[in-house]
Amino acid sequence: MSERSITPFRIAIPDRDLDDLRERLRRTRWPEREPVDDWSQGIPLEYVEARLNTFPQFRTELDGLGIHFLHVRSHEPDALPLIITHGWPGSIVEFHKVIGPLTDPAAHGGDPADAFHVVCPSLPGYAWSDKPSRTGWGGGRIASAWAELMGRLGYDRYAAQGGDWGALVTSYLGQQDVDHVAGIHLNMVIALPDPATMDDLTEREQSAIASFEYYDRWDSGYSKEQSTRPQTLGYGLLDSPAGQCAWIIEKFWAWTDCDGDPANVLTRDEMLDNVMLYWVPGTGASSARLYWQSFRDFNADPITVPTGCSIFPREIFRPSRRWAEKRFTDLRYWNELDKGGHFAAFEQPETFVNELRACFRPLR
């Protein structure tokens, strides 16, 4: 098989893995109840393969690493190719509700002229992409691999979208592949506060800084651990399904616009499907290593390709437009939404689709 070949892929979980999961759950040693009266999760685990195999999946080798991805072509002849990248603790499951409307707008009450061909890869070390055995797979290298993937699929001109680590990879695509990237869209905008504005902050910017300070003090423990000791953390996540589930579900509580309960915006099956994409392939450690690598490789250079940004109110980082314009020098689209959080496509799929359509419509 050629290293450039693309082979169909289907998720098939051996019964022994599910039997092992059930046995581990039966033997879980639960901690005592927390001494507070706020949110806590229950963790009943079910899993349905058919839901994860809804869309065509493939694997191919990029820069020596096997990469798993969804590829759904639109039947509209002028559809714009679009590569969408997830982050942590997300997965391709985040995008299951938006792929249909993006690829076939007419069937979902939209304009056929807004159609996309959708490519949705699993990051290296996530789901059924290979786990890197050496260092070096940070956001920049992933972006280079994604550019190669789009070329291999026959897409000479394409758009890119991302949130969380996907926003980092998408931003790097906007730096590296300017001859082929029609534009990028971000729902987590990686742009630092502009020092020149510190004496003239708007109320919105003051709120953004307060949110970042809260995150740094109270909400970033996972990041500190994953960016410094991912291997140590991995022993627990790989061994305990309850631990892996709690590690992820807590972030659905913290980062969705859910009024205190993630079940208000995501079903239990949706959340558990996402958790299973960490448990079954055993990616607790390999996914965490992306923090270790990318925090060492961060590149804040300007991005010159046309850029669109959708700012959801419960996003972790919410820079102002004037801060974003310092890095994204061709900012074409900016919208601040009144509902939604970090997992925009997952929790507000209709809004997410409308944002992508509005952003990329002038760039087709």
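Per-atom-type breakdown for segment 100-236 gives carbon and sulfur 50% of the accessible area (1.4 Å probe, protein chains only). Taking each DSSP H run with n ≥ 4 as -39500 (n - 2.57) and averaging over every residue of the chain yields -11500 deg cm²/dmol at 222 nm.
How much FRET efficiency would the formula 1/(1 + (r/R0)^6) give for Arg10 and Ala182, where r is the Cβ-Cβ distance and R0 is 41 Å, rounded to 0.05? Show your work: numbers first, answer last.
Details: r = 31 Å, r/R0 = 0.76.
Efficiency for this residue pair is about 0.85.
Between Thr54 and Asp199, what FRET efficiency follows from the Cβ-Cβ distance if R0 is 51 Å, with the result rounded to 0.05?
0.45
Our analysis of segment 80-233 gives Rg over Rh at 1.02, with the two radii drawn from alpha carbon positions and Rh computed by the Kirkwood formula. Its Cα gyration tensor gives the chain an equivalent ellipsoid; the semi-axes, largest first and in whole Å, are 29, 26, 20.
In the structure shown, the pairs Lys97/Lys339; Lys224/Lys251; Lys97/Lys131 are assessed against 19 Å; a Cα-Cα span above that value is assigned to Lys97/Lys131. Each Cα pair of segment 144-259 feeds into the Kirkwood radius, which the Stokes-Einstein equation turns, at 25 °C and 0.890 mPa s, into a diffusion coefficient of 141 µm²/s. Using a probe of 1.4 angstrom and keeping all protein chains present, the accessible surface of the chain works out to 45 square angstrom per residue. Distance between the 7 Å Cα→Cβ label points at Glu213 and Ala113: 4.8 nm.
Just want to confirm a number: the relative contact order over the chain, from Cα pairs under 8 angstrom separated by 6+ residues, in percent.
Worked out over the chain, it gives 20 percent.
Ellipsoid fit via the Cα gyration tensor, segment 147-191: semi-axes of 19, 10, 8 Å, each the root of five times an eigenvalue, largest first. Considering only Ala12, Ala143, Ala246, the mean-square fluctuation computed in a Gaussian network model of the chain, springs between alpha carbons under 10 angstrom, is largest for Ala12.
The trypsin sites (Lys or Arg not before Pro) of segment 86-186 that DSSP puts in a loop, and whose beta carbon has at most 12 other beta carbons within 10 Å, are Arg134.
Coordinate range of the alpha-carbon atoms in segment 207-331 per principal axis, descending: 45, 35, 28 Å. For segment 154-220, the fraction of C-alpha pairs farther apart than 13 angstrom is 71 percent.
The values are calculated or read from the model by the stated rules, or taken from the named source; none is laboratory data. Because the structure is predicted, anything quoted here is derived from the model rather than measured. Cβ atoms come from the backbone with ideal geometry, glycine included; neighbour counts cover every protein chain shown. These area figures cover heavy atoms from the full protein model, side chains too; ligands, DNA and RNA do not enter into them. Shrake-Rupley method; radii C 1.70, N 1.55, O 1.52, S 1.80 Å.
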